[in-house]
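S.K.: Before we start, here is the structure in question, set down as structure tokens.
The values are calculated or read from the model by the stated rules, or taken from the named source; none is laboratory data. The structure presented is a predicted model; accordingly, all values stated were derived computationally and were not measured. Glycine also receives a Cβ, built like all others from the backbone with ideal geometry; neighbour counts cover every protein chain displayed. Ligands, DNA and RNA are stripped out before the accessible areas are found, and what is left, the full protein with its side chains, is counted by its heavy atoms. Shrake-Rupley method; radii C 1.70, N 1.55, O 1.52, S 1.80 Å.
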Amino acid sequence: MKIQWKRLLVSLAIPLGVGALAGILTKDSMMQFSLLNKPPLSPPGWLFPVVWTALFLLMGFASYLVSRSDSARKRPALILYAIQLLVNFFWSIFFFNFEWYLFSFLWLALLWVLILLTIRAFWRISPVAGILLIPYLLWVTFAGYLNLAIYLLN
């Protein structure tokens with residue numbers, strides 16, 4: 001299939017834009033975050049934007065693959081994708097700005113379920129699209145460990 005460049009760029013821009021907006025809205029909370037007690041295996045702060053950028057690119061490409069499909073399941077899959085992206089966005093606000101660590105952990109559990117459902121929905125349309133979301137699920141699983149540990153340690 002021929003690459004649909006406009007669709008690809010929009011598909012990549014959406015998750016990158018959501019991530020950038022969340023970063024802008026939470027940047028003033030990073031000093032407070034740096035003062036928290038963190039669990040073992042906590043990565044250095046510079047790693048988070050690197051990993052999230054890669055994950056947002058994978059999400060965008062996966063959504064591109066689904067969006068160009070003729071499947072009748074395309075619309076529900078992309079709606080589910082949009083919902084999980086919105087839930088992802090609000091986690092940052094709840095965790096960093098409001099410091100609602102326990103609520104954020106529960107919100108992250110919701111996000112985890114939504115990602116799993118999105119993987120399944122994408123897989124049915126394009127197995128490659130489903131596979132591209134697996135690193136996202138793994139990172140959110142790790143983020144759940146960090147989130148819960150931060151709640152317990154602080």
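S.K.: Outside any helix (DSSP H, G or I), over 17 Å from the mean Cα position of the chain (by Cα) and modelled with pLDDT of 95 or more, is that true of PRO76?
M.R.: Answer is no for this residue.
S.K.: Please tell me if MET59 is closer than 23 Å to TRP112 by Cα and in a helix (DSSP H, G or I).
M.R.: Considered against the rule, which asks whether it is closer than 23 Å to TRP112 by Cα and in a helix (DSSP H, G or I), MET59 comes out as yes.
S.K.: So, one more: Among the residues of region 135-154, what is the count of those that are loosely packed, with under 14 Cβ neighbours inside 10 Å and β-branched (Val, Ile, Thr)?
M.R.: Summing the residues that are loosely packed, with under 14 Cβ neighbours inside 10 Å and β-branched (Val, Ile, Thr) in region 135-154 gives 1.
S.K.: Considering only region 79-98, how many residues are outside any helix (DSSP H, G or I) and under 13 Å from the mean Cα position of the chain (by Cα)?
M.R.: Step one: of region 79-98, the residues outside any helix (DSSP H, G or I) are 98.
Pick out the ones that are also under 13 Å from the mean Cα position of the chain (by Cα) and you get none.
Here the count works out to 0.
S.K.: Would you tally the residues in region 15-32 being open to solvent by less than 90 Å² (accessible area, probe 1.4 Å) and closer than 17 Å to ASN88 by Cβ?
M.R.: 12
S.K.: Take SER71 and tell me if it is part of a loop (DSSP other than H, G, I, E, B), open to solvent by 20 Å² or more (accessible area, probe 1.4 Å) and over 21 Å from LEU146 (Cβ atoms).
M.R.: Details: part of a loop (DSSP other than H, G, I, E, B): yes; open to solvent by 20 Å² or more (accessible area, probe 1.4 Å): yes; over 21 Å from LEU146 (Cβ atoms): yes.
So SER71 fits the description; yes.
S.K.: In contact (Cβ under 8 Å) with a residue 24 or more places away in the chain, more than 12 Å from the chain's Cα centre (by Cα), open to solvent by 40 Å² or more (accessible area, probe 1.4 Å) and over 16 Å from TRP139 (Cα atoms) - does that describe any residue in region 36-57?
M.R.: yes
S.K.: Output the number of the condition that MET1 fails; it satisfies all remaining conditions of (1) within 23 Å of PHE90 (Cβ to Cβ); (2) open to solvent by 80 Å² or more (accessible area, probe 1.4 Å).
M.R.: (1)
S.K.: Could you tell me which of the residues LEU106, LEU111 is open to solvent by 50 Å² or more (accessible area, probe 1.4 Å), of a type outside the set (Val, Ile, Thr), closer than 29 Å to GLN32 by Cβ and assigned to a helix (DSSP H, G or I)?
M.R.: LEU106
S.K.: Taking the criterion of being under 21 Å from MET30 (Cβ atoms) and at pLDDT below 95, would at least one residue in region 104-114 satisfy it?
M.R.: No, region 104-114 contains no residue that is under 21 Å from MET30 (Cβ atoms) and at pLDDT below 95.
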